[in-house]
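The values are calculated or read from the model by the stated rules, or taken from the named source; none is laboratory data. Bear in mind the structure is a predicted one, so any value in this text is a computation, not a measurement. Every residue, glycine among them, receives a Cβ derived from its backbone with ideal geometry; neighbour counts consider all protein chains shown. Please note that ligands, DNA and RNA were not included when accessible areas were found on the heavy atoms of the full protein model with its side chains. Shrake-Rupley method; radii C 1.70, N 1.55, O 1.52, S 1.80 Å.
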Amino acid sequence: MTLEKIVAVEGYIQTTYLAVYPDKLLLLDTGCHCDVDSILDYITNTLQRPISQLKTAVVTHMHPDHAGGAELLKQKTGCKIVTAAHYKPWYNGVTGKIGHIHDLALTYYVAHRQGKKMTSLWYDPEMDADTYVQDGDRIPNFEDWQVLSTAGHTDRDISLWHAETSQVYVADLILKIKSRFVSPLLITLPYVYRASVAKIRDLQPETVILAHEGFQKLETEDYDDIIAKTPKEPRKMTILHSLSMLRLQLKFGRKRAQS
């Protein structure tokens, strides 16, 4: 079956994308836990399709705005979950659980900056996927989509390349802020990150699909500028940032409890 179009569904702090085929749908990231109803509403009311046509949802990495809706979507639609193969969960052990809370707080921080209201974001930090993929693999039942390993933001990010239409979904690999293309705030593996950006550059895609700024066209100099300005050391949130965001999360929680 031929890809008909890729449509954008606005989420809590990001955009998720549906690859639309005549009789099936592929979801590029699952959004936040609170985005599931919006995704299903888009399928049934905008596309006028049964939710059973959502066959597969790909999770590019485990952050709340990309993996948060996976388990609930699977429960409601029966879709298969696909994500990157790795020897341990991203949020592994005690430090991983702390990191999970931190990333939820960061999501609330971004939502606050965007003027969004408090809502439930909790999701299981250890996802049980149906298929684990590596660089070069094809998405089951959607073999026109190729997996690209583009780690660096985390240690297991993947992008999705559709060669037939020269489109690539890169999730958080690249952001656009004030008309400039930049690296994300968090970079776990700087050297790997720069190689991942170069991998996308070398594909010369017609369209680059970003989780936070839609459909874009990047020139070679845009990629090169991102690579040149990527720090040589990991870029993480400071303890001060973490405490500030946690305080904001608790503040949102109190307001919700009072409403």
Just to confirm my numbers, what's the Cα centroid distance between the range 59-77 and the range 38-57 in Å?
15
Can you tell which of Leu73, Leu203, Leu25 shows the greatest fluctuation in a Gaussian network model of the chain with Cα springs below 10 Å?
Leu203
Here the convex hull volume per residue of the chain, taken over Cα atoms and given in Å³, is 129
Could you give each residue of the range 117-132 its phi-based ³J(HN,Hα) in whole Hz, using Karplus coefficients 6.51, -1.76, 1.60 with θ = phi - 60°, and x for Gly or Pro?
7, 5, 8, 6, 10, 4, 8, 5, x, 10, 6, 9, 7, 7, 9, 10
Would you mind checking Lys178/Lys199; Lys55/Lys117; Lys176/Lys232 for any pair whose Cα atoms are more than 26 angstrom apart?
Lys55/Lys117
In the range 156-243, which trypsin sites (Lys or Arg not before Pro) are in a loop and have at most 14 other Cβ atoms within 10 Å, using DSSP for the loop call?
Lys178, Lys217, Lys232, Lys236
Along Cα→Cβ, 7 Å out, is where each label goes; now give me the distance between the ones at Met1 and Ile177 in nm to one decimal.
3.9
Order Phe142, Phe215, Phe181, most accessible first, counting only protein heavy atoms with a 1.4 angstrom probe.
Phe215, Phe181, Phe142
Carbon plus sulfur fraction of accessible area for the chain, probe 1.4 Å, in percent
52
Filter the GluC sites (Glu not before Pro) in the range 203-235 to those in DSSP coil with at most 16 other Cβ atoms within 10 Å of their Cβ, and list the result.
Glu206, Glu213, Glu219
How about the range 1-89: which chymotrypsin sites (Phe, Trp or Tyr not before Pro) there lie in a loop by DSSP and see at most 16 other Cβ atoms within 10 Å?
Tyr87
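If each DSSP helix of 4+ residues adds -39,500 (n - 2.57) and the sum is divided by the residues in the chain, what number results at 222 nm, nearest 500 deg cm²/dmol?
Numbers: 7 runs with 83 residues, N = 259.
My calculation for the chain gives -10000 deg cm²/dmol from helical runs alone.
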Taking the square root of 5 times each eigenvalue of the Cα gyration tensor, what semi-axes in Å does the equivalent ellipsoid of the range 7-129 have, largest first?
24, 18, 10
Which whole-Hz ³J(HN,Hα) couplings does the range 84-94 yield from phi under the Karplus relation 6.51 cos²θ - 1.76 cosθ + 1.60, θ = phi - 60°, glycine and proline marked x?
6, 6, 7, 6, 8, x, 4, 9, 8, x, 5
